[in-house]
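Everything on this sheet refers to the single structure shown next.
All of the numbers you see were taken from the coordinates with simple rules; none came from a lab. Predicted, not measured: the structure shown is a model, and the values here were computed from it. Neighbour counts are summed over all protein chains in view; Cβ atoms, including those assigned to glycine, are modelled from backbone coordinates with ideal geometry.
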Amino acid sequence: MINRLTVVCSGNICRSPYAQVLLNDLLLDIEVYSAGVLVATHNLNDHPAVEHSQTLANELGLSLSEHKAKQLTPELVERSDLILVMTHEHIEQVAAIASGARAKTLLLGQWIGVGEIKDPIGKDLEVFKQCFATVEKAANSWASRLKR
């Protein structure tokens, strides 16, 4: 049974926070977290979600205003029953952070036939909209499988 789910991307300022608020809204019985595998490397700890992410979340009636980027840690991996990542590289990075993580790490886009959800950082709002439409479709797909 899935009680705690963590969504992971690189910097935890675009894709994973957006997926987190979507899944929190869809899965009321599951604790949903987000983190990044490169937060510490890129000095993004406590960084807010980027403006385009906040704008698109607001359009859905969701908020990222309190979001602060955090590094994925072995402790968070251990607490998570399922870890959803954006790319195949993230699977490898999660596995390097904590032993045993690979068995519970899957692609967010797995059920919608999308192998990877590319990072929109630094791109315009239209690229974010396209990326986040994919994130929404993937989140809905996972939610339909995880709802109790």
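A few notes on this one:
- Farthest positive-ward along the stretch 4-146 dipole, Cα basis, beta-carbon charges - from Cys9, Val127, His47: Cys9
- Option label - Kirkwood radius over Cα pairs in Å computed here, alternatives [x] 15.5; [y] 14.9; [z] 16.8: [y]
- Taking the Cα centre of the chain as origin and assigning +1 to Lys and Arg Cβ atoms and -1 to Asp and Glu Cβ atoms, the resulting dipole is close to 360 debye.
- Taking 0.36 nm per residue of separation and subtracting the Cα-Cα distance, full extension of the segment from Glu126 to Asn140 would add 2.9 nm.
- Using a cut-off of 24 Å between Cα atoms, the listed pairs Lys68/Lys147; Lys68/Lys123; Lys70/Lys147; Lys70/Lys118; Lys118/Lys147 include Lys68/Lys147; Lys70/Lys147; Lys118/Lys147 as exceeding that distance.
- Ranked list, fewest to most other Cβ atoms within 10 Å of each Cβ, for Thr73, Thr6, Thr41: Thr41, Thr73, Thr6
- Dipole of the stretch 47-135, positive end: most advanced residue of Gly100, Pro74, Gly115 [Cβ charges, Cα centre]: Gly100
- For the pair Thr73 and Arg102 in one chain, pulling the backbone fully straight at 0.36 nm per residue adds 9.0 nm over the alpha carbon distance.
- Sequence-distant aspartates and glutamates (8 or more away, or on other chains) whose Cα lies within less than 18 Å of Lys137: Asp25, Glu59, Glu116, Asp119, Glu126
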